[in-house]
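Input: a single structure, listed below in structure tokens.
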Amino acid sequence: MKPTTHITSSLTHLAAMLLLACGALTLTGCLDENPRDQIDENEAYGTAGKLLLNTVGTLYNYIGGNAESQGLQGTFRGVYDYNTFTTDEAMIPTRGGDWYDGGFWQSLYNHTWTPSDDALYNTWTYLYKVVVKCNQSLDILKERQSLLTDEQYAEATAEVRGVRAMYYFYLMDMYGRVPLVTDVNLSVDDVKQSERSETFKFVYDELSEVAPSLPDVHSNLQNNYYGRFTRPVAYFLLAKLSLNAEVYSDDDWTDGVRPNGSNISLNVDGQQCNAWVACQKWCDKITAEGYELEKDYASNFAVHNETSNENIFVIPMDKYLYANQFQYLFRSRHYNHGAAIGQDSENGSCATLSTVRTYGYGTANVDKRYAINFYSDTLRVDGKIVRLDDGSPLVYMPLAVKLDLTGDPYEKTAGARMSKYEIDRQAYSDGKLQGNDIVLFRYADVVLMKAEAKVRNGEDSSAELDAVRSRAGMPSRPATLQNILDERLLEMMWEGWRRNDLVRFGLFNKAYDQRTPIEGEASGFTTVFPIPGDALDHNQNLTQNKGYE
């Protein structure tokens, strides 16, 4: 029997069935709409179990998704795509009549997005939808606190605040200056835009405050907290915040001047540290939680990856229980590749030239993770060569990729394609409903964050860099910032962190791969996205980010 003081391990599945349809509550409309008009309040919140399920449990319906711009990963035109296809990591080339899509994918790669982009607005509304639902949940928990023990109430409110802080992390990271709203009853007219540094401080302080009340549990494991926001998840975000403190403390990212991380003071357990020391301390806390690098890199992305000692926060996937989808393998494979495994494909996304060259493709020293992260060269499935419609072998051409392949001899075959996640041959919906949990936060990232923080603080981090490289079967390299950035690409490929890394290293707005900077980009204005035009239209208190006026 599961403990009655906690939400059960099937909470995510039950929440999917019992979700209160609160409507699309975003900062584009009223913030004080009543979410309880779908079913009777006592039916929704009349017992401790129902209260926890319908305030805390329902939030986990939104971490993953199955529609465009929904979920933190797994779907198209949302958080993941804006953090991946805007970088030197990957692209979706135009392949003749395929993948032009009004120029959307080219605009991501070239940084020519505009405030009127629908996907940018849909991503904004998705992130704020979850923020508003968190505010509603906190309000309801406070109203009905008498139904809960003190322990239940402290844990539940900490969990909701943690989820809300995570969504503000993504909002701040992507949009810079965003409304910071914590009151469910606040009217749109009273919503004000916060500077990035203010949101950064809020998220950092909020996570620091709630962490001790969160369950001290590995939530990637199939336990009572499977897929939930637990203490190690908060520690991970605090480490990420500390490492990016120079970026997040900067309220004018267009003036060419950043705060110095050595002079940014952050509190860790009552001790004031500079940003680099704080990052190391949060990383050490995660290590103390018992996470470690798996011996087999690929095992973290296997069909059955719920036992990983490395994965920290995941989107639970189960083709029989959850509607969450993972569409990225489907999006990347050639059509005949999909047919060979009994599924379908869209023949789209692939690695850039600079990525495969960083892996050493075409040399005698190819990184051993290359074969795990990519389908490349002559394709075989179950030992048999996959063939094109004309009978010739399907050969992926990593060095032939370019943004517009229309009319090119390799129009349909250019580019190394996404692998990394083991193919679930029993998956539904052409592989999009798979068994592999989607990995959001991973311990290898923690090790590399600590390595970078140490170098930035004038310390040697050879041990940390070597730990990641030796696990991959690769030789030692000097622990320089450039080598650490390269290692982050080699290790974290396809995991949605590349934009964050390039912005931190001051490279996002520079020329890379086959991209040249757009007019005015030297100022750094594209390191945040524009406030969506529809959001500005709905709230006259908001102003546009510099460079997009």
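Quick one: is S308 under 22 Å from the mean Cα position of the chain (by Cα) and of a type in the set (S, T, Y)?
On the way: under 22 Å from the mean Cα position of the chain (by Cα): yes; of a type in the set (S, T, Y): yes.
For S308, the condition - under 22 Å from the mean Cα position of the chain (by Cα) and of a type in the set (S, T, Y) - is met.
Inspect segment 94-105 for any residue being surrounded by fewer than 18 Cβ atoms within 10 Å (Cβ to Cβ), of a type in the set (D, E), out of contact with any Ser or Thr (no Cβ under 6 Å at 6 or more places or on another chain) and modelled with pLDDT of 95 or more and give the result as yes or no. Explain how you work it out, then say what you get.
Initially, segment 94-105 is screened for residues surrounded by fewer than 18 Cβ atoms within 10 Å (Cβ to Cβ), giving 96-98, 100-103.
Those still in the list that are of a type in the set (D, E) too: 98, 101.
The next check asks that each one be out of contact with any Ser or Thr (no Cβ under 6 Å at 6 or more places or on another chain); those that pass are 98, 101.
Then drop every residue that is not modelled with pLDDT of 95 or more, which leaves 98, 101.
Within segment 94-105 (the criterion being surrounded by fewer than 18 Cβ atoms within 10 Å (Cβ to Cβ), of a type in the set (D, E), out of contact with any Ser or Thr (no Cβ under 6 Å at 6 or more places or on another chain) and modelled with pLDDT of 95 or more), the answer is yes, since at least one residue qualifies.
For residues in segment 53-93 being open to solvent by 10 Å² or more (accessible area, probe 1.4 Å) and of a type in the set (A, V, I, L, M, F, W, C), which is farthest from A323 (Cα to Cα)?
Checking each candidate, the answer is L53.
Give me the residue from segment 401-442 that is in a strand (DSSP E or B) and open to solvent by 20 Å² or more (accessible area, probe 1.4 Å) and, out of that set, farthest from Q222 (Cα to Cα). Give the derivation first.
The first filter runs over segment 401-442 and keeps only residues in a strand (DSSP E or B), leaving 404, 414, 417-418, 428, 433, 438-442.
After this cut, where a residue has to be open to solvent by 20 Å² or more (accessible area, probe 1.4 Å) as well, the list is 404, 428, 433.
Numbers: D404: 44, Y428: 22, L433: 19 Å.
Filtering first and then ranking leaves D404.
Kindly indicate the residue of segment 205-241 that is more than 19 Å from the chain's Cα centre (by Cα) and among the β-branched types (V, I, T) and also farthest from G176 (Cα to Cα) among those meeting that condition.
V217
So which of W105, W113, W124, W99 is in contact with a strand residue (DSSP E or B) (Cβ under 8 Å, 6 or more places away or on another chain) and touching a residue at least 12 places away in the same chain (Cβ under 8 Å)?
Details: W113 fails: in contact with a strand residue (DSSP E or B) (Cβ under 8 Å, 6 or more places away or on another chain); W124 fails: in contact with a strand residue (DSSP E or B) (Cβ under 8 Å, 6 or more places away or on another chain); W99 fails: in contact with a strand residue (DSSP E or B) (Cβ under 8 Å, 6 or more places away or on another chain).
Exactly one of W105, W113, W124, W99 is in contact with a strand residue (DSSP E or B) (Cβ under 8 Å, 6 or more places away or on another chain) and touching a residue at least 12 places away in the same chain (Cβ under 8 Å), namely W105.
Scan segment 419-446 residue by residue and report those that are closer than 22 Å to L108 by Cβ and in contact with a strand residue (DSSP E or B) (Cβ under 7 Å, 6 or more places away or on another chain).
Those that are closer than 22 Å to L108 by Cβ and in contact with a strand residue (DSSP E or B) (Cβ under 7 Å, 6 or more places away or on another chain): S419, I438, L440.
Failed condition for N244, given (1) of a type outside the set (V, I, T); (2) open to solvent by less than 30 Å² (accessible area, probe 1.4 Å); (3) farther than 28 Å from Q544 by Cβ, with all others met?
Failing condition for N244: (3).
Under the condition of being over 20 Å from Y297 (Cβ atoms) and part of a loop (DSSP other than H, G, I, E, B), which residue from segment 358-379 is least open to solvent (accessible area, probe 1.4 Å)? Spell out the reasoning first.
Filtering segment 358-379 for residues over 20 Å from Y297 (Cβ atoms) gives 362-364, 377-379.
Pick out the ones that are also part of a loop (DSSP other than H, G, I, E, B) and you get 362-364, 379.
On the way: G362: 69, T363: 80, A364: 100, L379: 7 Å².
Top of the filtered list is L379.
I'd like the full set of residues that are open to solvent by less than 30 Å² (accessible area, probe 1.4 Å) and assigned to a loop (DSSP other than H, G, I, E, B), limited to segment 290-304.
Within segment 290-304, Y291, A302, V303 meet the criteria.
For the condition touching a residue at least 60 places away in the same chain (Cβ under 8 Å), exposed (fewer than 14 other Cβ atoms within 10 Å of the Cβ), of a type in the set (S, T, Y) and out of contact with any strand residue (DSSP E or B) (no Cβ under 9 Å at 6 or more places or on another chain), what is the one hit in T307, T287? Give the derivation first.
Values: T287 fails: exposed (fewer than 14 other Cβ atoms within 10 Å of the Cβ).
Of the residues listed, the single one that is touching a residue at least 60 places away in the same chain (Cβ under 8 Å), exposed (fewer than 14 other Cβ atoms within 10 Å of the Cβ), of a type in the set (S, T, Y) and out of contact with any strand residue (DSSP E or B) (no Cβ under 9 Å at 6 or more places or on another chain) is T307.
Taking the criterion of being part of a helix (DSSP H, G or I), touching a helix residue (DSSP H, G or I) at 6+ places or on another chain (Cβ under 9 Å), at pLDDT 95 or above and within 19 Å of T86 (Cα to Cα), would at least one residue in segment 330-352 satisfy it? Steps first, answer last, please.
Going residue by residue through segment 330-352, those that are part of a helix (DSSP H, G or I) are 330-332, 335-340.
Next, only the ones that are touching a helix residue (DSSP H, G or I) at 6+ places or on another chain (Cβ under 9 Å) stay: 330, 338.
Filter again for at pLDDT 95 or above, leaving 330, 338.
From what is left, the residues that are within 19 Å of T86 (Cα to Cα) are none.
Within segment 330-352, not a single residue is part of a helix (DSSP H, G or I), touching a helix residue (DSSP H, G or I) at 6+ places or on another chain (Cβ under 9 Å), at pLDDT 95 or above and within 19 Å of T86 (Cα to Cα).
For segment 238-268, what are the residues that are in contact (Cβ under 8 Å) with a residue 60 or more places away in the chain, more than 28 Å from I312 (Cβ to Cβ) and of a type in the set (A, V, I, L, M)?
none
Being over 22 Å from T543 (Cα atoms) and open to solvent by less than 60 Å² (accessible area, probe 1.4 Å) is the filter here; which residues of segment 249-270 pass it?
Listed by number, the residues that qualify are P259, G261, S262, I264, L266, V268.
Table: residues versus (1) open to solvent by 40 Å² or more (accessible area, probe 1.4 Å); (2) free of Cβ contacts under 8 Å to residues at least 60 places away in the same chain; (3) more than 29 Å from I286 (Cα to Cα).
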| position | (1), (2), (3) |
| --- | --- |
| A451 | no, yes, no |
| A463 | yes, yes, no |
| A472 | no, no, no |
| M492 | no, yes, no |
| Q514 | yes, no, yes |
| F525 | no, no, yes |
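The values are calculated or read from the model by the stated rules, or taken from the named source; none is laboratory data. Note that the structure is predicted; figures quoted are calculated from it, not measured. Note: ideal-geometry Cβ built from the backbone for every residue, glycine included; neighbour counts use all protein chains shown. With ligands, DNA and RNA removed, areas are computed over all heavy atoms of the protein, side chains included. Shrake-Rupley method; radii C 1.70, N 1.55, O 1.52, S 1.80 Å.
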